[in-house]
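Notes follow once the structure below has been shown.
The values are calculated or read from the model by the stated rules, or taken from the named source; none is laboratory data. All values derive from a computational prediction rather than experimental measurement. In this analysis, Cβ positions are derived from the backbone assuming ideal geometry, glycine residues included, and neighbour counts consider all displayed protein chains. We work out accessible area using only protein heavy atoms, side chains counted, and drop any ligands, DNA or RNA first. Shrake-Rupley method; radii C 1.70, N 1.55, O 1.52, S 1.80 Å.
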Amino acid sequence: MSAARNTNRLARETSPYLLQHAHNPVDWHPWGDEAIDAARRTNRLIFLSIGYSTCYWCHVMERESFENEAIAGQMNEQFVCIKVDREERPDLDDIYMTAVQALTGRGGWPMSVWLDPDTLAPVYGGTYFPARPMHGMRSFPEVMHLLHDAWTRQRSEMRDTAARLAEAVKEELSRPSRSVAVGMNEVGRAVNQLVQSFDREHGGFGGAPKFPQPVFLELLLAAREWMDARSAPQLDAVIRATLDGMAMGGLFDQMGGGFHRYSTDAKWLVPHFEKMLYDNGQLASIYARASSIYREPFYARVARRTLDYVLREMRVGDAGGFASAQDAEVDAREGLNYLWTREEVERVLREAGLEGVVDFAVDVYGLGDGPNFRDPHHPGEPPSNVLHLGAPPSELAAKWGVSLEEFFAHLDRVNDALRVVRDRRRQPGRDDKIIVSWNGLMIGALATGGEVLGDPRYAAAAGKAANFILDRMRTPEGGLLRTWRGGQARIDAFLEDYALLARGLIDLHRAAKGDQWLRHAVEIMGHARDRFWDREHGGFFDTLADRPDLFVRTRSMHDGAIPCGNAVMLHNLLDLAAITRDESWLDQAQRLLAAMSGAIQRAPVGAALGTAGLLRMAVKWSDRLPRDAPDAPRVRDAAGVVTIAVDRDEVRVGGDTPGVFTAAITIAPGHHINAHEPGDSSLQGLVFSVVGAEGLVLHAEYPVGEPWRDGVMVHHGRVTAPVVIEQVGPVRGTPRVEVSFQACTEDACLAPSKVTLPVRVVV
């Protein structure tokens, strides 16, 4: 299909993602008044497709459906079709992702949502839809037909459903929280939950797919300074195992530097190959700081190689700013640019005259263990290798009988030779739009790297990027514009842009020791306060006021891949209070923390960066910690909230005969408990266990739960769970059955509880 045959309105946009779709046969509109007015004028549903340029499944859906003439014809006839780059419009992405998660229990991209044209409320939604039915999924054409037919025949009912869903989204994303008392208890809960979810074998938190979670590491690095002599080494072990695992695995581009988005497995080996500026900004900063804390040269090397990668491959011309991302695929093949075979590596090194390091490279990069990657989307293609370190560099250096410095020198020679060849391959696509918030993260990383690593190049690059944004991405009134590409700055910036740019400027002030960057940081913080502060309830909104294209003005208190704007603002205020000794910054921080306190109390890990700010306040300004509002909930424990009854007071276990009983859990009105798998690692789920004796195992048939906010699964009212206890070996000790749970109100979570059940286990 030629560009001349199909050119739609997206051809006038600057977003690389939207431009990828500019020659689809779909009559795409960008988000805006023109598209919304067209839908209202023709009384058609809006089909809203949200994605981003480096999204693998976005590319798949485009190839299967949006480039298909017949499917595009159906889309054009039945709907007004709108494409949105989620990186340009995180507000739209947050709102409609919340709706999709409420409808389906999951989310992802591409996001596909149908909207009522009059209210913009979501009627129906999902993520990727296949062009043909597969794996029990309806096809995209079938879903479109059903929705169009329902809109024609049952419009009133669909609008009522959409209105109810929109109200639920508003409740989730905009409801303010009362001030509740928080302090070191919440910090301790967060640290304990992270330690409990820590993968002791591979590092990191949780299982596959495994994400870097830099805000978790930020919290642990802050907490370790205030732990006692017994607890601090435990936190250091968690932090270091995670940093080691990420840096040794395929998550880190061993040859070229920089981190991929996430690991598809639990051991950090095979990544999803896209590279995001925001990941590399956060991780470079953490590795630089960790290199100083632990005096670890490996961490310094990882930080330096990440920053060098960004300067080499992500800088946008001479502008000074940095591109957003690099794609995961080349020629529709996942990770093609990054993969090697043992034979290729050996040939490249020999042709480069490096015969002496061939065996070294094969061993160090795990090539002698056979292939470790096969493209899941093209299983017929031959397997290959993701390069990784099989052991920590210090161990590998000892194995090869060289110093650590000599080991790294050998590795650099290998990498330089391989990179010459890799640079000749077809390269992954690059999204070269400059985003203020993501550049703020990288400005901070470069400033920190320059200071910690003693390399003035990094601080100079940070200053150049900051000047570019301050000079070229502003409105006449001094506000920020979120994106820049091809000479055009556009889209009014969001809270995260102001917050993260100010954070980067504060880091530059520390590294450069001049007042210039501090003045700019203060100016940006003032603009943020004027545009986003909630004068009625406290805290910051994510978006500007009076936006007619949004049915809710969101306020986020939880971190995602990008740190929460409110949490970043809290740290900025505390930094400015410490730097300037002006108590007005501290007054603002106190009011902000009070507005965040409910979210921190409910889920201190979900609000990890906010919890780290709470720690700072508790250590230095404990008299300013939030207190309960007059009408805040007073319940502080589970007494009278949760009762658990069992259908027998004794079970007998022995040989092949298990003990069986049923537990009935009753939850008081106005409360809920988290399900066994709540979907958020920071929350205590419902868990039955047999303790006090060896030789017994317990199995419970846990109820699934019902979706609550942020996709968290909970129980209300009364639930039952059959419990089975089996003997698996000699029994030693006195067994008892315990149940752990956490009760919450709509505004706050109680501390996790553990109760011994009145069931005697007789063996």
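Would you list the helices (runs of 4 or more DSSP H) that sit entirely within the stretch 133-205 and hold 1 or more residues that are under 30 Å from residue 64 (Cα atoms)?
Qualifying helices (runs of 4 or more DSSP H): 140-153, 155-174.
Here is a check on your reading of the model: is residue 84 open to solvent by less than 10 Å² (accessible area, probe 1.4 Å) and either of a type in the set (Val, Ile, Thr) or in contact (Cβ under 8 Å) with a residue 24 or more places away in the chain (or both)?
Yes: the conditions hold for residue 84.
Would you confirm, using the coordinates I've provided, whether residue 557 is open to solvent by less than 30 Å² (accessible area, probe 1.4 Å), out of contact with any Asp or Glu (no Cβ under 8 Å at 6 or more places or on another chain) and outside any helix (DSSP H, G or I)?
So residue 557 passes the test.
Going through the stretch 333-355 one residue at a time, which ones are among the charged types (D, E, K, R) and closer than 12 Å to residue 428 by Cβ?
Within the stretch 333-355, 333, 334 meet the criteria.
Specify the residue that is farthest from residue 52 (Cα to Cα); the eligible residues are those in the stretch 228-267 that are touching an Asp or Glu at 6+ places or on another chain (Cβ under 9 Å) and of a type in the set (Phe, Trp, Tyr).
Residue satisfying both the conditions and the ranking: 259.
Please work out if residue 23 is open to solvent by 50 Å² or more (accessible area, probe 1.4 Å) and modelled with pLDDT of 95 or more.
Considered against the rule, which asks whether it is open to solvent by 50 Å² or more (accessible area, probe 1.4 Å) and modelled with pLDDT of 95 or more, residue 23 comes out as yes.
Return the residues of the stretch 728-763 that are part of a strand (DSSP E or B), more than 30 Å from residue 100 (Cα to Cα), open to solvent by less than 60 Å² (accessible area, probe 1.4 Å) and of a type outside the set (Val, Ile, Thr); say none if nothing qualifies.
729, 733, 735, 738, 740, 753
How many residues are hydroxyl-bearing (Ser, Thr, Tyr) and either touching a helix residue (DSSP H, G or I) at 6+ places or on another chain (Cβ under 8 Å) or open to solvent by 70 Å² or more (accessible area, probe 1.4 Å) (or both) when one looks only at the stretch 373-395?
1
Are there any pairs, at least 6 apart or on different chains, whose C-beta atoms fall under 8 Å, with the first in the stretch 100-113 and more than 21 Å from residue 75 (Cβ to Cβ) and the second open to solvent by 60 Å² or more (accessible area, probe 1.4 Å), and if so, which?
101/707; 101/710; 102/707; 105/707; 107/101
If you take the residues of the stretch 675-715 that are among the aromatic types (Phe, Trp, Tyr) and under 30 Å from residue 657 (Cβ atoms), which of them is modelled with the lowest pLDDT?
702
Being open to solvent by less than 30 Å² (accessible area, probe 1.4 Å) and under 29 Å from the mean Cα position of the chain (by Cα), is that true of even one residue in the stretch 397-412?
Within the stretch 397-412 (the criterion being open to solvent by less than 30 Å² (accessible area, probe 1.4 Å) and under 29 Å from the mean Cα position of the chain (by Cα)), the answer is no, since none of the residues qualifies.
Among the listed residues 57, 31, which satisfies the condition of being touching a Lys or Arg at 6+ places or on another chain (Cβ under 7 Å) and either in the same structural domain as residue 150 (by the TED database) or of a type outside the set (Phe, Trp, Tyr) (or both)?
After applying the criteria, what remains is 31.
Within the group 215, 238, which residue is among the β-branched types (Val, Ile, Thr), in contact with a strand residue (DSSP E or B) (Cβ under 9 Å, 6 or more places away or on another chain) and more than 24 Å from residue 377 (Cα to Cα)?
The unique qualifying residue is 238.
Given the criteria open to solvent by 30 Å² or more (accessible area, probe 1.4 Å), within 24 Å of residue 49 (Cβ to Cβ) and either assigned by the TED database to the domain that holds residue 49 or of a type outside the set (Phe, Trp, Tyr) (or both), does residue 127 qualify?
Considered against the rule, which asks whether it is open to solvent by 30 Å² or more (accessible area, probe 1.4 Å), within 24 Å of residue 49 (Cβ to Cβ) and either assigned by the TED database to the domain that holds residue 49 or of a type outside the set (Phe, Trp, Tyr) (or both), residue 127 comes out as no.
For the stretch 20-47, give me each residue that is among the hydrophobic types (A, V, I, L, M, F, W, C) and touching a Leu at 6+ places or on another chain (Cβ under 6 Å).
Listed by number, the residues that qualify are 22, 28, 46.
Just name the residue that is farthest from residue 680 (Cα to Cα) out of those in the stretch 710-726 that are of a type outside the set (Val, Ile, Thr) and crowded, with 20+ Cβ neighbours inside 10 Å.
715
Could you list, ordered by first residue, the pairs with Cβ atoms under 8 Å in which the first is in the stretch 246-260 and not assigned by the TED database to the domain that holds residue 273 and the second is part of a loop (DSSP other than H, G, I, E, B) and open to solvent by 10 Å² or more (accessible area, probe 1.4 Å), at least 6 apart or interchain?
none
Look through the stretch 269-288, keep the residues that are open to solvent by 10 Å² or more (accessible area, probe 1.4 Å) and in a helix (DSSP H, G or I), and return whichever of them is farthest from residue 222 (Cα to Cα).
Here the answer is 278.
Only one of (1) hydrophobic (A, V, I, L, M, F, W, C); (2) at pLDDT 85 or above; (3) more than 24 Å from residue 558 (Cβ to Cβ) is not met by residue 668, so which one is it?
For residue 668, the failing item is (2).
Go through the stretch 20-32 residue by residue and tally those that are without any contact (Cβ under 8 Å) to a residue 24 or more places away in the chain and of a type in the set (D, E, K, R).
0
Could you check the stretch 95-124 and list, in sequence order, the residues that are open to solvent by 60 Å² or more (accessible area, probe 1.4 Å) and either at pLDDT 95 or above or more than 20 Å from the chain's Cα centre (by Cα) (or both)?
103, 118, 119, 124
One residue is enough: does the stretch 193-212 have a residue meeting the conditions of a type outside the set (Gly, Ala, Ser), touching a Ser or Thr at 6+ places or on another chain (Cβ under 7 Å), closer than 30 Å to residue 95 by Cβ and open to solvent by less than 10 Å² (accessible area, probe 1.4 Å)?
Yes, the stretch 193-212 contains a residue that is of a type outside the set (Gly, Ala, Ser), touching a Ser or Thr at 6+ places or on another chain (Cβ under 7 Å), closer than 30 Å to residue 95 by Cβ and open to solvent by less than 10 Å² (accessible area, probe 1.4 Å).
When you scan the stretch 536-547, do you find a residue that is over 22 Å from residue 615 (Cβ atoms), among the hydroxyl-bearing types (Ser, Thr, Tyr) and either in the same structural domain as residue 117 (by the TED database) or part of a helix (DSSP H, G or I) (or both), even just one?
Scanning the stretch 536-547 turns up no residue that is over 22 Å from residue 615 (Cβ atoms), among the hydroxyl-bearing types (Ser, Thr, Tyr) and either in the same structural domain as residue 117 (by the TED database) or part of a helix (DSSP H, G or I) (or both).
Quick check on my filter: what residues within the stretch 560-575 are under 10 Å from the mean Cα position of the chain (by Cα) and open to solvent by 10 Å² or more (accessible area, probe 1.4 Å)?
Selection gives 560, 561, 562.
Mind checking which residues of the stretch 637-678 are in a loop (DSSP other than H, G, I, E, B), surrounded by 13 or more Cβ atoms within 10 Å (Cβ to Cβ) and hydrophobic (A, V, I, L, M, F, W, C)?
Answer for the stretch 637-678, where residues must be in a loop (DSSP other than H, G, I, E, B), surrounded by 13 or more Cβ atoms within 10 Å (Cβ to Cβ) and hydrophobic (A, V, I, L, M, F, W, C): 638, 641, 653, 668, 675.
Pairs needed: first member in the stretch 450-462, surrounded by 14 or more Cβ atoms within 10 Å (Cβ to Cβ); second member anywhere, outside any helix (DSSP H, G or I); C-beta distance under 8 Å; at least 6 residues apart or different chains.
Partner pairs satisfying both residue conditions: 461/315; 461/320.
Matching residues to (1) closer than 19 Å to residue 395 by Cα; (2) among the aromatic types (Phe, Trp, Tyr); (3) open to solvent by 10 Å² or more (accessible area, probe 1.4 Å):
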residue: 250; (1), (2), (3): yes, no, no
residue: 267; (1), (2), (3): yes, no, yes
residue: 290; (1), (2), (3): no, no, no
residue: 306; (1), (2), (3): no, no, no
